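Reviewing the structure listed below.
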Amino acid sequence: MTLDITVDVRAATPPYEQIRSQIAAYVDAGLLAEGTRLPTMRALAADLGVATGTVARAYAELEAAGFVAGRRRTGTVVTGRRPTAPAEDRLHALAADLVVRARAAGVDDEGILRIVRAALLHAG
């Protein structure tokens, strides 16, 4: 599978976080299976037009969260979905539903994030 990752350097979200979250979503959705080798940091950085250190940070955070493992000779490989509690799985489904409904209503990704941030602030 070719990773379809995009980075918007004008976005409020740092590039490493954009990369991390997109790869994590692929793993969570099962689109990147356990054992799948990710592109080298240098290759992905070149493809995205970002510094190698940006991809290195994204990969390090993915490894810390249990999504991938860096291995000698084989590079960075997917370790599988993070173990989650049933409640967290349900919350992921609700969040995915929110995104689908918001996009259908014409709200862009930044708008969705503003809505969620506002909800977090009001929930206290």
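Some values worked out for this structure:
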read-out: Calculated FRET efficiency for the pair residue 51/residue 28, C-beta based, R₀ 25 Å, to 0.05; value: 0.45
read-out: Computed magnitude of the charge dipole of segment 1-65 (debye, nearest 20; Cβ of K, R +1, Cβ of D, E -1); value: 200 debye
read-out: Taking N as its residue count, the alpha carbon Rg of the chain over 2.2 N^0.38 Å; value: 1.14
read-out: Residue among 62, 98, 48 with the largest mean-square fluctuation in a Gaussian network model of the chain, springs linking Cα atoms under 10 Å; value: 98
read-out: C-alpha long axis of helix 109-123 to longest principal axis of the chain, angle in °; value: 60 degrees
read-out: Two-site label geometry, residue 10 and residue 101: point separation in nm, points 7 Å out along Cα→Cβ; value: 3.0 nm
read-out: Gaussian network model of the chain, springs between alpha carbon atoms under 10 Å - residue of 90, 57, 37 with greatest fluctuation; value: 90
read-out: Angle between the chain longest axis and helix 52-64 axis [Cα atoms, degrees, rounded to 10]; value: 70 degrees
read-out: Helix axis angle, 15-28 relative to the chain longest principal axis, alpha carbon, degrees; value: 90 degrees
read-out: Cα gyration tensor, segment 17-83 - rounded (a/c under 1.5), prolate or oblate; value: prolate
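Every number here is computed from the coordinates shown, using simple stated rules; none is lab data. Keep in mind that this is a model prediction, so the values were computed, not measured. FYI the Cβ positions are ideal-geometry reconstructions off the backbone, even for glycines, and counts take in every protein chain you see.
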